[in-house]
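The block underneath contains the structure these notes are about, expressed in structure tokens.
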Ligand code: GLU
């Protein structure tokens, strides 16, 4: 369904005055898939008499670069997309994510995990699973729970010794602490039941970054007053976990609109690594903003 037609179909479910957002990670130049997503967020906000926000999800210092952040703003402005208010830059808000983690920890819902990827592979193999048959969640292989079972004293010793650790959500404890009937409202589909358990003991703070995508995105949608989360369908499974975090942390529930991913001529999703042309390259090749919007499905 063309993007405009799809929008008409979604509109009746859109909250009045919807606050939507486009939240790219500055790990490269934007391509047509990003333009599709940004224009989807803007169109839904505009049609509902609301606002669209821009957020740079740059907590991964190893992959994000300031020049890509600057390019995102310049390319969106060239495309004719105007966002409301200041751009939120996640790396400037680390203490806020820390505070949210502290709240979960105070409820006994987090534990430190010292495992390396190799440790996890070994543990999974020891449990008798061939690597390709091991249980997987939306973020990869399910964590076998090794560090959840550590005795408190061993845990404290390893932290005190300075061993690096990630923080994982104790999914069993989290499910017990949250309402059993979690669901989310997907525009055009209605209420969908959540299954956060599919993530297992998910990482909420990484060893190298004291936060994670799931924590930061949920936190920021709440503090920025986003009422309609707009993003690609590849992130729809994450919503099951985001609703759990919202319930545990007392954050409001937004509605969701996941758009189908824009596909390349080969039928595969557009990706920088497969040579999808950047908006910058299209602009330098003489394409106008209107032409690029059309290429992006609008
Ligand atoms: N930063 C994420 C990405 O670039 C999108 C996050 C979201 O929209 O929830 O894929």
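The values are calculated or read from the model by the stated rules, or taken from the named source; none is laboratory data. Owing to the predicted nature of the structure, the values given are computational and were not obtained by experimental measurement. FYI the Cβ positions are ideal-geometry reconstructions off the backbone, even for glycines, and counts take in every protein chain you see.
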| The one condition in (1) surrounded by fewer than 20 Cβ atoms within 10 Å (Cβ to Cβ); (2) within 18 Å of the chain's Cα centre (by Cα); (3) in a helix (DSSP H, G or I) that residue 12 fails to fulfil | (2)
| remark: Condition set in a loop (DSSP other than H, G, I, E, B) and in contact with a strand residue (DSSP E or B) (Cβ under 7 Å, 6 or more places away or on another chain), scope the range 197-220, selection farthest from residue 61 (Cα to Cα): answer is 200
| message | So, in the range 220-260, exactly how many residues are in contact with a helix residue (DSSP H, G or I) (Cβ under 8 Å, 6 or more places away or on another chain) and under 22 Å from residue 201 (Cβ atoms)? | response | 12
| message | Please pick out the residue among 241, 235 that is within 12 Å of the ligand (Cβ to nearest atom) and free of Cβ contacts under 8 Å to residues at least 40 places away in the same chain. | response | 235
| request: State whether one or more residues within the range 23-34 are more than 14 Å from the ligand (Cβ to nearest atom) and either at pLDDT below 95 or surrounded by 15 or more Cβ atoms within 10 Å (Cβ to Cβ) (or both). | output: yes
| query | For residue 167, which of the numbered conditions (1) assigned to a helix (DSSP H, G or I); (2) in contact (Cβ under 8 Å) with a residue 60 or more places away in the chain fails to hold? | reply | (1)
| query | For residue 127, are the conditions met, namely being modelled with pLDDT under 95 and either out of contact with any strand residue (DSSP E or B) (no Cβ under 6 Å at 6 or more places or on another chain) or over 26 Å from residue 209 (Cβ atoms) (or both)? | reply | yes
| said: One residue is enough: does the range 210-230 have a residue meeting the conditions more than 13 Å from the ligand (Cβ to nearest atom) and at pLDDT below 95? | reply: yes
| note | Note on residue 172: of the conditions (1) out of contact with any strand residue (DSSP E or B) (no Cβ under 8 Å at 6 or more places or on another chain); (2) part of a helix (DSSP H, G or I); (3) within 21 Å of residue 122 (Cα to Cα), unmet is (3)
| Single match in 80, 108 (criterion: more than 19 Å from the chain's Cα centre (by Cα) and more than 25 Å from residue 291 (Cα to Cα)) | 108
| field | Qualifying residue in the range 77-98 (condition: surrounded by 14 or more Cβ atoms within 10 Å (Cβ to Cβ) and more than 21 Å from residue 225 (Cα to Cα)) | value | yes
| Which numbered condition trips up residue 218, out of (1) free of Cβ contacts under 8 Å to residues at least 40 places away in the same chain; (2) exposed (fewer than 15 other Cβ atoms within 10 Å of the Cβ)? | (2)
| query | Pick from 53, 11, 81: which is modelled with pLDDT of 95 or more and in contact with a helix residue (DSSP H, G or I) (Cβ under 7 Å, 6 or more places away or on another chain)? | reply | 81
| Quick check: anything in the range 188-209 within 27 Å of residue 32 (Cα to Cα), buried (at least 19 other Cβ atoms within 10 Å of the Cβ), within 16 Å of the ligand (Cβ to nearest atom) and modelled with pLDDT of 95 or more? | no
